[in-house]
Each structure stands twice: as C-alpha cells, then as structure tokens.
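Here's the structure, in structure tokens; my notes come after.
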Amino acid sequence: MYDIKALYEAESIEHAVQLLTEHPGAQIIAGGSDVLVQIREGRRAGAELVSIYGLDEMRGVSLDEEGAVRIGSLTSFSHITRDPIIQKYIRVLGEAVDMVGGPQIRNIGTIGGNTCNGVTSADSASTLFAWDAVIELTGPEGVRRLPIHEFYIKAGVVDLRPGELQTAVIIPRKSFAGYQGHYIKYAMREAMDIAAMGCSVNVKLTPDKSRVEEARIAYGVAGPVPMRAHSAEQAAKGRAVSEETCRIFAQAVLEDIRPRDSWRASRALREHIAVVLAERAFKEAVRRCGGETDEQTV
Amino acid sequence: MSRQYKLVSCTINGKQAEKMVDVRASLTDMLRDDFRLTSVKKGCEVGECGACNVIIDGECFNSCIYLAIWADGKEILTLEGLAGPDGELSDIQQAFIDETAVQCGFCTPGFIMSAAALLNAGREFTDDEIRRQMSGHLCRCTGYENIFRAVKKTMLRRLGKEKEAEEV
C-alpha cells in the first residue's frame with residue numbers, strides 16, 4: 001500500500017481543474033513513475049493526489065490547424081516514439097524519449113510528467129528546448145500557452161499555477177519545417193539510467209546544403225534547468241558547412257553552459273562532454289539534412 | 001480521512017474480475033493479495049527491477065508503480081495466464097528451463113512477460129532489439145546470456161526457423 005492520504009480521479013480536464021481548485025495541496029499524478037516513487041521514498045508520503053491518468057482526451061499526437069505538432073501531455077514515451085507524425089516531422093524527439101528508463105517505464109511515463117517535474121536531466125526536455133516547444137496549460141482562467149524556457153523556473157519548479165494542469169506540448173511548424181536533429185544521452189548504462197548530460201541539436205541548411213541557415217542546441221544537466229546555448233547558435237549561423245564550423249560551434253557552448261559537480265559527473269567532465277556531444281550531434285544533424293562536414297567523425 | 005475504496009472491473013488472464021480495492025493499493029498488491037497471482041513479484045517496488053512486470057492491454061508495465069484503480073476496464077495478463085488449461089507450460093516458459101535461464105527464479109516471471117510481449121509482435125527482432133526489449137529487468141544470477149538465448153530461440157521457433165534456433 002502506498003502512503004496516500006486521499007485520491008481523487010479526474011473524469012475530464014474541467015473536472016481535474018475543479019478537483020485541483022478544491023484541493024489546493026493535492027499533487028497531480030499522471031503515469032506515476034516519479035510521484036509514486038517519491039511517495040515510496042517518503043518524500044511525498046501522506047500526499048493527496050489528483051489522478052489524471054484516465055483522461056484519454058490528453059493522449060495522442062496530431063497536427064493542428066496551423067500545421068503544428070500537438071502532443072497530448074499524457075502521451076507515453078513509447079507512443080511518441082511509434083507515432084507516424086513524430087517519425088515524419090520530429091524524429092529526434094521520438095529517439096530522445098526512447099532513451100528514458102527501460103521499456104516498461106516508457107509505457108507508463110508521459111511527456112507531461114517529464115516536463116512538469118522541472119528536472120534538468122529529463123530526456124525529452126533538451127530536445128523540446130531545442131525545438132522551441134510551447135507548453136499548453138489549462139486552469140480555472142482557461143488555456144494559456146508559453147514557451148518552454150519560460151515554463152521552467154528553477155530546478156524542480158515549473159510555472160504551474162494553482163488549479164492548473166499541463167494539457168499539451170506543441171511544436172510550432174516553423175520550428176521543425178526544414179530542420180533535422182540529433183540527440184545524444186551521455187550516461188553510464190544503456191538502460192535504466194539518468195543522463196549525466198543530454199545534448200540535442202537541430203539544424204537547417206541552405207537549399208544547396210553548403211551553409212548553416214540556422215542551428216539550435218539545448219542541453220540537459222548543463223545547468224539547474226534545461227538550457228539553450230545561444231552563443232554556439234550565433235557562431236554557426238550563416239557559416240559554411242565544414243569541420244571548422246563544427247569546431248567553432250562546439251567550443252562556443254562553453255560560453256553558455258554552467259554545469260556543476262555532482263556524484264554522477266564532475267563539472268570538468270561535463271564541460272568536456274558538452275563540447276564533444278555538441279560536435280557529434282551537430283555533424284549527425286547536418287548529415288540528416290543532407291549536408292556533409294569535410295572530415296569524418298573524431 | 002477514512003479508507004477510500006473503488007470498484008475495479010477488469011479482465012485478468014482471460015477471466016472477468018471485479019474487486020473493491022483500496023485506492024492506496026498498487027496493481028502488484030491487488031494481483032497478489034486479492035487474486036493470489038504470486039508470479040507478480042515484489043522486488044524493488046520503485047519500478048527499477050521489473051520483477052512485477054505484467055502485460056496490460058498488450059503493453060508491459062511494472063505493476064508496483066501502477067495504481068490498482070487504474071486497472072479498471074483493462075485487460076491484464078500475468079505469467080499464470082501463459083500456461084495451458086491444465087497448467088502445461090508455454091513454449092517460452094519451457095525455453096527458460098531448457099536454457100537454464102532460471103536460477104533463483106525471482107526475476108523470471110517479469111522477464112517472461114517482457115519476452116511474451118516481444119513474441120506477440122510476431123516478427124523477427126535483431127539481437128540488439130531483443131536486448132533492448134528485455135532491458136527493463138535486473139537478474140543477479142544468470143548474467144542474462146541464457147535469458148537472451150531462451151527468448152531468441154523461442155522467437156525463431158515461432159517463426160518456423162527451427163534450424164536457426166538450434167544454432168543460437
């Protein structure tokens with residue numbers, strides 16, 4: 001038995017908002033792979049829960065009227081990976097969430113839970129940052145949308161106001177049209193591990209594949225919350241597709257990131273890894289775009 | 001607050017089942033305590049070891065981090081549901097015995113349910129894919145190689161590749 005004080009099951013999004021308003025101290029439980037573990041560990045023992053797991057209206061991936069990719073917040077990692085829309089437009093997101101935990105965890109874990117945790121190591125987060133994802137929140141005042149970098153406030157804290165729940169993650173069309181990306185998770189084990197660092201890069205090349213029109217890069221575990229490396233993005237913008245551009249891009253990330261020492265990895269190791277991952281992910285993203293940096297991978 | 005209960009109706013191993021469950025119960029609690037399905041093991045109880053793995057609507061879940069109330073309306077399959085009507089072992093269970101993929105046996109039911117989900121896909125997986133599909137389980141006895149062999153052989157046999165299965 002879990003140490004749960006009370007549990008309320010939401011029957012619709014409106015009902016969830018109502019329950020959250022009536023029980024301001026309650027914790028939302030989606031798939032539960034974090035919340036239940038925290039209850040077991042004692043960190044959330046005696047919690048009041050509002051379960052939204054049964055809300056099928058918050059599952060699935062679709063293209064909205066503006067051509068944006070809309071991912072219902074309760075969509076599981078494995079369903080995102082298998083989804084044809086994701087495979088077609090944002091393949092790297094499907095690949096990134098396929099690195100979470102193990103197979104059973106990917107069947108229960110949700111993209112909404114992964115982002116609402118506010119954890120920097122979340123495998124979906126760096127890729128969502130790198131693709132300028134928009135978070136949709138539904139609350140007593142209706143629906144509001146905000147860029148993902150504004151949603152993350154600090155480690156473990158996101159902009160989820162009283163009575164609100166996250167209902168969707170949206171990737172605008174202009175974020176993915178013409179872009180290809182690559183995500184690398186650096187961890188000690190192949191499964192059931194948390195990233196020591198995660199790096200997601202996506203690029204758009206000029207039509208003749210000779211220049212970088214735009215490059216975007218985001219990290220998990222390079223700071224207290226997932227973050228973009230804007231200096232690197234600026235450094236690569238407009239440059240020729242080459243080994244040199246790749247090196248300049250990768251070195252520039254050090255101006256942006258601020259990793260710390262932890263038992264998982266030291267600051268020095270993380271800084272080293274950040275540059276290597278940027279280089280490798282950039283090359284792969286360029287290759288997926290149909291471009292080629294002159295020399296082969298280091 | 002007084003105890004809170006919910007009526008859960010689901011299908012367990014092909015049979016319709018109904019039970020009033022405590023909202024605090026995990027699906028492991030429900031399957032073991034209310035239905036005596038003790039193949040569902042309590043291992044780590046935080047979703048890391050896979051000993052409590054069951055199939056729900058065709059997908060694998062660690063039942064220790066799955067609330068029992070969520071089982072309402074679902075179709076659940078545990079290891080007990082793999083055996084025939086008179087308790088005959090299924091091919092994958094027999095393969096675990098033949099390949100000595102079982103030592104202490106605690107991780108075995110969970111592993112076999114992941115194998116069952118893989119086999120149900122009805123296609124051939126590469127060695128890497130098999131290892132990945134089975135990666136949500138910890139075994140402290142076998143070193144995994146015999147488990148891998150049992151799964152691969154059964155997969156090939158089901159696809160009619162008896163000769164390839166012998167060579168694994």
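Only one of these is over 24 Å from A:Thr127 (Cα atoms) and not basic (Lys, Arg): A:Asp64, A:Asp56, A:Asp34, A:Asp83. Name it.
Working: A:Asp64 fails: over 24 Å from A:Thr127 (Cα atoms); A:Asp34 fails: over 24 Å from A:Thr127 (Cα atoms); A:Asp83 fails: over 24 Å from A:Thr127 (Cα atoms).
Among A:Asp64, A:Asp56, A:Asp34, A:Asp83, only A:Asp56 is over 24 Å from A:Thr127 (Cα atoms) and not basic (Lys, Arg).
Taken over the range B:22-43, the residue count meeting the criterion of being without any contact (Cβ under 8 Å) to a residue 40 or more places away in the chain and more than 9 Å from chain A (Cβ to nearest Cβ) is 8.
Yes/no per residue for (1) surrounded by 24 or more Cβ atoms within 10 Å (Cβ to Cβ); (2) within 14 Å of chain B (Cβ to nearest Cβ); (3) over 21 Å from the mean Cα position of the chain (by Cα); (4) in contact (Cβ under 8 Å) with a residue 60 or more places away in the chain:
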{"site": "A:His182", "(1), (2), (3), (4)": "yes, no, no, yes"}
{"site": "A:Tyr186", "(1), (2), (3), (4)": "no, no, no, yes"}
{"site": "A:Met197", "(1), (2), (3), (4)": "yes, no, no, yes"}
{"site": "A:Asn202", "(1), (2), (3), (4)": "yes, no, no, yes"}
{"site": "A:Pro207", "(1), (2), (3), (4)": "no, no, yes, no"}
{"site": "A:Arg211", "(1), (2), (3), (4)": "no, no, yes, no"}
{"site": "A:Ala218", "(1), (2), (3), (4)": "yes, no, no, yes"}
{"site": "A:Pro226", "(1), (2), (3), (4)": "yes, no, no, yes"}
{"site": "A:Ala229", "(1), (2), (3), (4)": "yes, no, no, no"}
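For the range B:55-71, a tally of residues being aromatic (Phe, Trp, Tyr) and either more than 14 Å from chain A (Cβ to nearest Cβ) or assigned to a loop (DSSP other than H, G, I, E, B) (or both) returns 1.
Tell me the residue from B:Lys74, B:Lys6, B:Lys19 that is closer than 24 Å to A:Leu55 by Cβ, within 14 Å of chain A (Cβ to nearest Cβ) and over 17 Å from the mean Cα position of the chain (by Cα), please. Break it down stepwise before answering.
On the way: B:Lys74 fails: over 17 Å from the mean Cα position of the chain (by Cα); B:Lys19 fails: within 14 Å of chain A (Cβ to nearest Cβ).
One residue alone meets the criteria, B:Lys6.
Can you work out which of the residues in the range B:44-54 that are at the interface with another protein chain (Cβ under 7 Å from one of its Cβ atoms) and crowded, with 23+ Cβ neighbours inside 10 Å is nearest to A:Ile108 (Cα to Cα)? Outline the logic, then answer.
Looking only at the range B:44-54, we keep the residues that are at the interface with another protein chain (Cβ under 7 Å from one of its Cβ atoms), and these are B:45-48, B:50, B:53.
With the extra rule that they be crowded, with 23+ Cβ neighbours inside 10 Å, the set shrinks to B:47, B:50, B:53.
On the way: B:Gly47: 10, B:Gly50: 13, B:Asn53: 12 Å.
Ranking the qualifying residues of the range B:44-54, first place goes to B:Gly47.
Going by what's in this entry, would B:Phe111 be described as in a helix (DSSP H, G or I), surrounded by 13 or more Cβ atoms within 10 Å (Cβ to Cβ) and away from every other protein chain (no Cβ under 14 Å)?
Criteria not met by B:Phe111.
The condition (being within 14 Å of another protein chain (Cβ to nearest Cβ) and within 26 Å of B:Gly47 (Cβ to Cβ)) is satisfied by just one residue among A:Gln166, A:Gln104: A:Gln104.
Each reported figure results from applying straightforward, stated rules to the coordinates on display, with no laboratory input. Keep in mind that what you see is a predicted model, and the values were worked out from it rather than measured. Cβ sites come from the backbone with ideal geometry, for glycine too, and all protein chains shown count toward neighbours.
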